[in-house]
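**Q** I have a structure I would like to understand better, so I am pasting it below and will then ask my questions one at a time.
Just so you know, all these numbers are worked out from the coordinates, no wet-lab data involved. On a predicted model such as this, the values are computed, not experimentally measured, just so you know. Using ideal geometry, Cβ is built from the backbone for each residue, glycine included, and neighbour counts are taken over all protein chains shown.
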Amino acid sequence: MVHIALPTGSSPARPGYYADTGIPLLMEAMTRVGGAPKTMDVTLVDGASVISPLESFNIGKRDLLAARKCLWRFGLGVLTEDVEGVISRTVSATVGEKGVQVINPAVLIVDDSSLARMIVSRCLTSIGLQDVLFREASDGVDALVCLRAHPVDVVVSDLNMPNLDGVGLLAAIREDPQLRHTPFIVSSSVVSEAKSARLQELGAVGVVLKPVSPAQFRELLHVFMRGAA
């Protein structure tokens with residue numbers, strides 16, 4: 001496996017960082033141990049625009065193009081791919097086993113209204129998160145049960161819910177060693193100054209005011225991804 005970050009480069013210390021040097025290095029290493037590169041099954045993963053879906057540099061697409069060109073020079077095509085979009089993927093491979101496992105990101109949507117949950121998922125899908133696994137919970141207690149069984153990459157939660165509200169849910173997440181770093185986005189029609197201050201104190205990524213729209217989520221995720229880069 002080779003993990004490519006940029007399409008081209010010339011750093012002798014990090015040749016695997018670039019498509020035009022990392023792929024030939026992989027072929028050379030395979031040949032040294034008796035492998036036959038031309039018999040490879042090639043899987044391309046990612047190429048996502050994680051900084052912004054409108055980023056002018058198009059690093060993800062340029063990485064994919066550079067990788068395909070390099071593979072073509074070795075007489076290799078791409079057997080399977082899971083590419084583009086706006087969220088990175090996690091890839092795992094086990095030595096001695098054929099193929100790789102692509103783990104798509106997961107988002108937990110928490111709201112006591114099923115209609116509100118559906119609107120949030122549609123907004124996220126419309127901004128490029130088609131390959132994301134959406135999980136749902138109807139209140140904070142239900143959400144905690146879900147999170148402890150199936151951790152996710154992002155939580156989008158309403159504030160006013162029965163049993164355990166959004167602030168209580170975020171506080172519980174921050175107190176859980178396994179969940180405390182999970183990004184948390186609030187989706188609510190009204191946020192008081194006191195709740196806003198508490199959410200900021202607990203490290204919420206931001207607030208999307210209802211009625212939610214794709215543009216609100218796009219801007220918030222853009223700022224969040226840029227800050228995490």
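**Q** Apply 1/(1 + (r/R0)^6) to the Cβ-Cβ distance of A197 and E175, taking R0 = 25 Å, and write down the FRET efficiency to the nearest 0.05. Could the numbers behind the result be given before it?
**A** Values: r = 19 Å, r/R0 = 0.74.
Result of the calculation: an efficiency of 0.85.
**Q** Give me K61, K38 sorted ascending by neighbouring Cβ count inside 10 Å, so fewest comes first.
**A** On the way: K61 16, K38 9.
If I rank by nearby Cβ atoms, fewest first, I get K38, K61.
**Q** Given R₀ = 30 Å, what would the calculated FRET efficiency be for R62 paired with S126, taking r from the Cβ atoms and rounding to 0.05?
**A** Values: r = 25 Å, r/R0 = 0.83.
That pair, R62 with S126, gives E of 0.75.
**Q** Based on other C-beta atoms within 10 Å, arrange V120, V33, V2, V132 from fewest to most.
**A** Working: V120 25, V33 6, V2 17, V132 20.
With the sparsest Cβ surroundings first, the list reads V33, V2, V132, V120.
**Q** In nm, to one decimal, how far is the modelled label at E81 from the one at M30, with both set 7 Å along Cα→Cβ?
**A** About 1.7 nm separates the two model spin labels.
**Q** Could you please rank S157, S188, placing first whichever residue has the fewest other Cβ atoms within 10 Å of its Cβ?
**A** On the way: S157 26, S188 22.
Fewest-to-most ranking of S157, S188: S188, S157.
**Q** Now, a different point. Answer with one residue from A137, V167, V207: the one whose Cα lies farthest towards the positive end of the charge dipole of the range 106-228, charges on Cβ with Lys, Arg +1 and Asp, Glu -1.
**A** Of the options given, the answer is V207.
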